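**Student:** Before I ask anything, here is the structure I am working with.
The values are calculated or read from the model by the stated rules, or taken from the named source; none is laboratory data. Source: prediction; values computed, not measured. Glycine gets a Cβ as well: all are built from the backbone with ideal geometry, and neighbour counts include every protein chain shown. Accessible surface areas use protein heavy atoms only, side chains included; no ligands, DNA or RNA. Shrake-Rupley method; radii C 1.70, N 1.55, O 1.52, S 1.80 Å.
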Amino acid sequence: GTAGEELAKGLEARGAEVIMIARDEVEPSAEEMREDFADRLSELMEDEDKALTGVVYAWSLAQEPITEDTPAETVAKMVADDSRAVIALGSSFDELRHGDSLPRIVLVTRNARSAPDGESMSVDGLTQAPLSTLLRTVSNEVGEIDMMQIDVDNAQLQAMDTLLDAILAPSAETEVIL
């Protein structure tokens, strides 16, 4: 399966109830996507039998890794697609923030940040890095939401355990590089 599907399986194996929303289940325009997210989140937040405790955004993990030969138009479309989705998700939370407590948002990216050991960011990270900035902006605009970005490299994504630990553990950290 995809990295998002594997992540969902790992969360379920640790006792989380996972409801996946695939990219093709929402409208592609920013406004319609925001409405789709807001409607879905509102339904989940109103369900008294299940407490919605978090939203994990992992659509960016489904992108094909880019190389130095990837056309600029392809890179721009990848960045635009994920940026639009993160903005729509943040806008939907902005709309819902006047209710009860809001669930945590965890944005999972791949190679978006330079490694702590000083290694340079990979070319693949070019499509992921803008999402970090967007999450910071959403966090500033909707301060009531607990937001976290977790950036993984391909090895951590394959191993998955450390990523699952980071998603599920309470943390005051807003940016984690694995």
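**Student:** Mind checking the full-extension length gain between GLU27 and SER171? Use 0.36 nm per residue of separation minus the Cα-Cα distance, one decimal, nm.
**Tutor:** This chain segment gains 48.6 nm when fully extended.
**Student:** Taking 7 Å along the Cα-to-C-beta vector as the label spot, tell me the ILE87-GLN158 distance in nanometres, rounded to one decimal.
**Tutor:** About 3.6 nm, to one decimal.
**Student:** Compute the relative contact order of the chain as a whole-number percentage, counting only Cα pairs closer than 8 Å that sit 6 or more residues apart in sequence.
**Tutor:** Dividing the mean separation by the residue count of the chain yields 22 percent.
**Student:** Any idea how far apart SER114 and GLU6 come out in nm if each label point goes 7 Å out from Cα toward Cβ?
**Tutor:** That separation, rounded to one decimal, is 2.8 nm.
**Student:** What is the projected area of the convex hull of the Cα atoms of the chain, averaged over all directions, in nm²?
**Tutor:** Details: hull surface 41.5 nm².
Average of the hull's projected areas for the chain equals 10.4 nm².
**Student:** Heavy atoms only, probe 1.4 angstrom, no DNA, RNA or ligands counted: give me ARG136, ARG104 ranked by accessible area, highest first.
**Tutor:** Ranked from most to least accessible, the order is ARG136, ARG104.
**Student:** Let me check I've understood the local charge: for ASP49, count other residues with C-beta under 14 angstrom from its C-beta, Lys and Arg +1, Asp and Glu -1. What total comes out?
**Tutor:** Once all neighbours under 14 Å are counted, the net charge is -4.
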